[in-house]
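A quick write-up on the structure given underneath.
The values are calculated or read from the model by the stated rules, or taken from the named source; none is laboratory data. The shown structure was predicted, so the numbers you read here are calculated from the model rather than taken from an experiment. A quick note on method: Cβ atoms are made from the backbone with ideal geometry, for glycine too, and the neighbour counts reach across all protein chains shown.
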Amino acid sequence: MKISKKQNLNIFGLIKLYVPLVAPLIILTILSNGLNLFIPKIISKSIDSYGVGGFNVLNIVIEFSTVSIGVFVLGYLQSILQTYVSEKVAKDLRTKLIEKISKKEYSFIQKISSSKILTNLTADVDSVKIFISQAISSMVSSVFLIFGVGIILFLMDWKLALSIIGVVPITITIFFLIFGKIKRLFKKAQEAIDWLNKVINESILGSAIIRLLNGQQQEYLKFLEANKEAKDIGLSIVKLFASLIPFMGFMVNIATLVILVFGGHFVVLGHMSIGDFSAFNNYLLILIFPVVMLGFISNMIAQAGASYSRICEILDSEDILQWGAKEFDFSDNIELNNISLRIDNKEILKNISFKINKNSKTAIIGPTAAGKTQLFYLLSGLIRPTGGEIRYDGISVYDYNKASFYKQIGFVFQDSIIFNITVRENIAFSNNINEQDLYKAIDTAELKDFIDSLENKLDTVITERGSNLSGGQKQRITLARALAINPKILFLDDFTARIDNKTEQKILENIKKNYPNITLISITQKISPIKDYDQIILLMEGDILMIGKHEDLLAKSSEYVQIYNSQKSINNYELHS
Amino acid sequence: MNYTLKTSSSEKSKNKNLSLSIGKLFNLIKTEKRNVFLAFMLTMLNSIITLVVPILISKAIDICIVNKQFNGMFLFIFILMILFLISLISGYFQTIIMGNVGRRILFNLRNEIFNKLQELPLAFFNQNKAGDLISRINNDTDKLNQFFAQAFNQFFEVIVSTVGVGAFMIIVKPKLGLIALLPALLVVIITKLLSEWVKNRNLKSLESLGNMSAEIQESMDNFKVVEVFNRLDYFNKRFNDFNNDNYKASIKSGISNNIFNPIYGLVSNLAQLIVLCYGIFLIIHGQFTVGLLIGFFLYVDRFYAPLRRFASVWSTVQTSLAALERISEILLLKSNLEVIQADTITENSKYIIEFKNVSFRYDVGNSIFENINFSLEKGKTYALVGPTGGGKTTTASLMARLYDPTSGEIILDGKNIKSYTKDERTKRIGFILQEPFLFTGTIKENILYGNEEYLKYSDDDFIKILKDNNLEDLIKDFENGISTKITYNTDNISLGQKQIIAFIRAILRNPEILILDEATANIDTVTEKLLEDIINKLPKTTTKVIIAHRLNTIENADQIFFVNSGITLAGNMKEAVNMLMSKERKS
């Protein structure tokens, strides 16, 4: 298990998965490089043939052109293949990441933050891509040349070859010393990008309040700090590379000097021919390019390695989400038994127990930060309690088949989440919504007039974050979305906060009429609509103070009375109207 | 002004020429002129050393080895060693200087874009996607960084060595030299022909990356709805579509980027063929020697090899030009909220806000108001009621100059609101938004956001200030008081709590006009009473504008306006309720 994890973290392990594509790429690289070596041969042959008087222009042109075009075709094929492989790897990585993320629970996304996920899916995948597209073939040809030339040199004169190769361990040591540092820096660099993303993100999402509070300068300073960090890391990386790359060139130069001194010495002593000596020199020239190339590639490998390990942090994280296989068909009740919830050592809910019967109406009321919304998340299965179990029809939520569970429950969140798709797609967001259910939901949410006023009616595209809609319009759309699945249970979180009283009353009547058997659980601030509810749960600082009907609470709970009194004036007006 | 940025290049104008965009690129290095010059000199030095070393080595071979005068070798070794060291040092500094130049340019460019984002009005953000903007600021600037970090350096080397070798060839054998250089002209023409195409393909690929980022951003932020509506398939499908688009666009741009290298290789071979044939022709006519021809091949190689390297550099240039184009699109936008000179100034105006014949429509969307007129007196409390979508928030946004009216004038304390600087205006207006937004940081940092006056206070002093303003009770529920940490998109605090913080934030600014846009919608009614008391204790001169659905929050208003695609004065509470109950919603 541990071994496989380690392999996974190594960027070269990734290549293994693409052997059928990478192997032809390597073959093409070698072929096009190899074919290129024929050109000097043709030239020397034609010069020789001139010497013996058999110079034939046409033959040479044909031969030369054939090889050149061959190199061109192979070279371009190689580059097409390498683009294809790298893009495929990028696409697959993204798909894998998204698949993994979609198996995660809501709290996971919250924890790692959307800005990091965004960097993972874009910048990180990109550097892996660059590695595949540029590093593999360069590396293959570099290593190929270095080894090839190395072997030839040894065959020619092993003593001299040894003295040159002596510089190799030094190079490798320094290379790895710097390389290790660079890899850490690249990881930090990507983290700096996460940070930048976060600041940009907040400045975009909070653009209205920034403008109202004249906070532009403050935002700029925040950005400056993150950007400066990114710059400083960048400068440290530059520093390391500035020492690495010229150093590799220097080592090659030192090798030249070694040949000059020792080789020259051997020639003078008569141990070596002058021809071999010049050949040694020429081969060394061939060595220069791949060595320098390796320096550049090391940059990519370091960056891609850092990015890939960031990606693997997500890919290798454990799946926590396990849902069962039981079909859900709500027929009896919802039961909470000693439910508690802690988040970051803070007790949000303490030993909550209550029961909700089918076809009943339940309201959860309580002051701000009483834990109402967290209770809502628990009921929806989005988060898991730290103690106790939530049972639907006597069975734990997570024993149900997820799809069948969510098919029967409509959720309306407090923050009206709207997608950048058409009104129709926003409302018929769940699968398999038929037209009849769609229109019933629209009518119930009092959206008909609004939709009719739109230019393209239901097919009007809503802008990102619903910025072209009013708060109430957004809330009604999210209600329609929940109703469109024809739910057996409807959860509302502070749903009426932004809807005017007249519309609210109409909507509540509509629900009663159009969805007569619905089990309703409503988190609310207003008492007047919940007076006739079957039970009202009064929640305060994570504790249930009392459960009962409106009259019971009014009689026994001073806190409830206080809430009721604070709303008296509304009730007066509403009674008159 | 329309702030919508292009997200697909089909609408793109094609009149841009290459030199113009390269000019843009070089504009960025203006401030780095001295460093770039220094790096250029170092490159020159390096290139000269590279050209001199082979000559020295062949001399060393001729003199010391062939003639067996090995003692002279040490002088050569000494000279070479010095040259190598110089080359090592100059190489180091050249890389470091250029690398730093790239980093600094990237740093400045990011700052510039972010600054521009801060300058632009709200309309810009409503019209563009967060993910796309992030992609522009990060990914696109990073593409530019790659250019400066890798390509820029090679640019110089290539120019120095090709010009040097080219001149050398022409001097050695003018005719053969010229003919050998002829294919280079072909390179220039092909490059010119292909560049625009390559750049456009890169532009498309960057656009698809931007679109994908926008999609990821949206899905991540809306994850819980995707989850409970069991639409992970939707999420996957949407993402896969964007992923596929990006895949296709990237393959296209990759293939076009890679075309330069094989073409340059082919041209280089063509040059060799020409030299071979013409060289042998010259030899036959006794004008050339075999030895010189072999030497000439080396020069041809020296000339075309860097040019081939230039090929890969060139695709980076094209990518960065495409990135620059997307960035420039933002940089070229101008805020339409300019500060103008006021025509008339009424001293000691009775009114804090006056709307005179104001009409408004969003850049994208229907008209909201036609010709509305009303005035708000200083120190009074006003309520705006009306059905959802009737334009209450828009009216309030106009008062705070989040937008400018399409026509008509808004007067703030006797002067056109447009004549106030950002500083003056925001100091006078406190606005609690419908959807509260908190920044990552502590509660204290969030409360003091944009509030220079209190920024200097220590935690204890700050708590005292809260106490003095009767605000202390409001934060007692937070785990760690004013030091409680907040992360912007998590649920670690509730919507109601966010509204409380936004409320404190606005009150502490001591605004002349306080606008509450359903600012307490998610706060329980008991706490709401508390907030009401705090509002009532504000200075007598503070004008309050309250938008609310809960009628109790507005019952104490001096005047109630009914807003529904227009604005009507409702006499009293009862009339307002009647209007609300009877009038048809227009939206």
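What the table shows:
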{"quantity": "The one condition in (1) more than 7 Å from chain A (Cβ to nearest Cβ); (2) crowded, with 21+ Cβ neighbours inside 10 Å; (3) under 26 Å from residue A:63 (Cβ atoms) that residue B:292 fails to fulfil", "calculated": "(2)"}
{"quantity": "Candidate set: region B:345-383, residues that are in contact with a strand residue (DSSP E or B) (Cβ under 8 Å, 6 or more places away or on another chain) and in a loop (DSSP other than H, G, I, E, B); chosen: the one modelled with the lowest pLDDT", "calculated": "B:362"}
{"quantity": "Neighbours by Cβ (under 7 Å, 6+ apart or cross-chain): first from region B:508-519, on the phi > 0 side of the Ramachandran plot; second among the β-branched types (Val, Ile, Thr) and surrounded by 23 or more Cβ atoms within 10 Å (Cβ to Cβ)", "calculated": "B:518/B:547"}
{"quantity": "Residue identified as facing another protein chain (nearest Cβ under 8 Å), farther than 30 Å from residue A:211 by Cα and free of Cβ contacts under 8 Å to residues at least 24 places away in the same chain among B:41, B:73", "calculated": "B:73"}
{"quantity": "Per-region count, region A:157-166, residues surrounded by fewer than 16 Cβ atoms within 10 Å (Cβ to Cβ) and at pLDDT 75 or above", "calculated": "3"}
{"quantity": "Residue match in region B:503-514 (condition: at the interface with chain A (Cβ under 8 Å from one of its Cβ atoms), in a helix (DSSP H, G or I), closer than 23 Å to residue B:401 by Cβ and not β-branched (Val, Ile, Thr))", "calculated": "yes"}
{"quantity": "Contacts under 9 angstrom Cβ, first residue in region B:453-469 being in the same structural domain as residue B:427 (by TED's automatic domain parsing), partner surrounded by 11 or more Cβ atoms within 10 Å (Cβ to Cβ) and small (Gly, Ala, Ser), 6 or more apart", "calculated": "B:459/B:481; B:459/B:483; B:463/B:481"}
{"quantity": "Test: residue in region A:222-240 that is facing chain B (nearest Cβ under 7 Å) and closer than 29 Å to residue B:515 by Cβ", "calculated": "yes"}
{"quantity": "Residue ID - surrounded by the most Cβ atoms within 10 Å (Cβ to Cβ), chosen from residues in region A:80-139 that are among the β-branched types (Val, Ile, Thr) and within 17 Å of residue A:15 (Cβ to Cβ)", "calculated": "A:132"}
{"quantity": "Strands (runs of 3 or more DSSP E) wholly inside region A:310-413 that include at least 2 residues being modelled with pLDDT of 85 or more, surrounded by fewer than 21 Cβ atoms within 10 Å (Cβ to Cβ) and polar (S, T, N, Q)", "calculated": "A:333-343, A:346-357"}
{"quantity": "Yes/no for residue B:109 being more than 33 Å from the chain's Cα centre (by Cα) and either within 7 Å of chain A (Cβ to nearest Cβ) or not hydroxyl-bearing (Ser, Thr, Tyr) (or both)", "calculated": "no"}
{"quantity": "Subset of region B:437-485 [charged (D, E, K, R), more than 10 Å from chain A (Cβ to nearest Cβ) and under 28 Å from residue B:378 (Cα atoms)]", "calculated": "B:453, B:467, B:468, B:472"}
{"quantity": "Matching residues in region A:432-448 - criterion: being assigned to a loop (DSSP other than H, G, I, E, B) and β-branched (Val, Ile, Thr)", "calculated": "A:433"}
{"quantity": "Test for residue A:253: is it free of Cβ contacts under 8 Å to residues at least 24 places away in the same chain and not in a helix (DSSP H, G or I)", "calculated": "no"}
{"quantity": "Residues located in region B:399-436, provided they are within 11 Å of another protein chain (Cβ to nearest Cβ), out of contact with any helix residue (DSSP H, G or I) (no Cβ under 6 Å at 6 or more places or on another chain) and part of a strand (DSSP E or B)", "calculated": "B:429"}
{"quantity": "Scan of region A:469-506 for residues that are under 33 Å from the mean Cα position of the chain (by Cα), more than 20 Å from residue A:430 (Cα to Cα) and more than 7 Å from chain B (Cβ to nearest Cβ), ordered by number", "calculated": "A:469"}
{"quantity": "Residue within region A:212-229 that is touching a Ser or Thr at 6+ places or on another chain (Cβ under 8 Å), aliphatic (A, V, I, L, M) and crowded, with 20+ Cβ neighbours inside 10 Å present", "calculated": "yes"}
{"quantity": "Qualifying residue in region B:115-133 (condition: under 19 Å from residue A:127 (Cα atoms), at pLDDT below 85 and basic (Lys, Arg))", "calculated": "no"}
{"quantity": "Only one of B:557, B:570 that is surrounded by 18 or more Cβ atoms within 10 Å (Cβ to Cβ), modelled with pLDDT under 70 and over 24 Å from residue A:206 (Cβ atoms)", "calculated": "B:570"}
{"quantity": "Qualifying residues in region A:530-539 (those that are of a type outside the set (Phe, Trp, Tyr) and in contact with a Ser or Thr (Cβ under 7 Å, 6 or more places away or on another chain)) - the one surrounded by the fewest Cβ atoms within 10 Å (Cβ to Cβ)", "calculated": "A:534"}
{"quantity": "Of all residues making up region B:219-236, the number that are part of a helix (DSSP H, G or I) and facing chain A (nearest Cβ under 7 Å)", "calculated": "10"}
{"quantity": "Verdict on residue B:239 being within 25 Å of residue A:401 (Cα to Cα), at the interface with chain A (Cβ under 7 Å from one of its Cβ atoms), in contact with a helix residue (DSSP H, G or I) (Cβ under 8 Å, 6 or more places away or on another chain) and crowded, with 23+ Cβ neighbours inside 10 Å", "calculated": "no"}
{"quantity": "Test: residue B:525 is out of contact with any Gly (no Cβ under 8 Å at 6 or more places or on another chain), within 10 Å of chain A (Cβ to nearest Cβ) and either farther than 30 Å from residue B:350 by Cα or at pLDDT below 80 (or both)", "calculated": "yes"}
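Residue by residue, here is whether (1) in contact with an Asp or Glu (Cβ under 9 Å, 6 or more places away or on another chain); (2) farther than 28 Å from residue B:397 by Cα; (3) surrounded by fewer than 22 Cβ atoms within 10 Å (Cβ to Cβ) holds:
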| residue | (1), (2), (3) |
| --- | --- |
| B:98 | no, yes, no |
| B:101 | yes, yes, no |
| B:123 | yes, no, no |
| B:130 | yes, no, no |
| B:154 | no, yes, yes |
| B:163 | no, yes, yes |
| B:172 | no, yes, yes |
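Residues checked against (1) more than 30 Å from residue A:45 (Cβ to Cβ); (2) crowded, with 21+ Cβ neighbours inside 10 Å; (3) among the charged types (D, E, K, R); (4) in contact with an Asp or Glu (Cβ under 7 Å, 6 or more places away or on another chain):
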{"site": "B:203", "(1), (2), (3), (4)": "yes, yes, no, yes"}
{"site": "B:223", "(1), (2), (3), (4)": "yes, yes, no, no"}
{"site": "B:229", "(1), (2), (3), (4)": "yes, yes, no, no"}
{"site": "B:262", "(1), (2), (3), (4)": "no, yes, no, no"}
{"site": "B:270", "(1), (2), (3), (4)": "no, no, no, no"}
{"site": "B:283", "(1), (2), (3), (4)": "no, no, no, no"}
{"site": "B:288", "(1), (2), (3), (4)": "no, no, no, no"}
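Conditions tested, residue by residue: (1) assigned by TED's automatic domain parsing to the domain that holds residue A:432; (2) within 29 Å of residue A:201 (Cα to Cα); (3) in contact with a helix residue (DSSP H, G or I) (Cβ under 9 Å, 6 or more places away or on another chain); (4) without any contact (Cβ under 8 Å) to a residue 60 or more places away in the chain.
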{"site": "A:462", "(1), (2), (3), (4)": "yes, yes, yes, yes"}
{"site": "A:472", "(1), (2), (3), (4)": "yes, yes, yes, yes"}
{"site": "A:478", "(1), (2), (3), (4)": "yes, yes, yes, no"}
{"site": "A:483", "(1), (2), (3), (4)": "yes, no, yes, no"}
{"site": "A:487", "(1), (2), (3), (4)": "yes, no, yes, no"}
{"site": "A:491", "(1), (2), (3), (4)": "yes, no, yes, no"}
{"site": "A:495", "(1), (2), (3), (4)": "yes, yes, yes, no"}
{"site": "A:500", "(1), (2), (3), (4)": "yes, no, yes, yes"}
{"site": "A:508", "(1), (2), (3), (4)": "yes, no, yes, yes"}
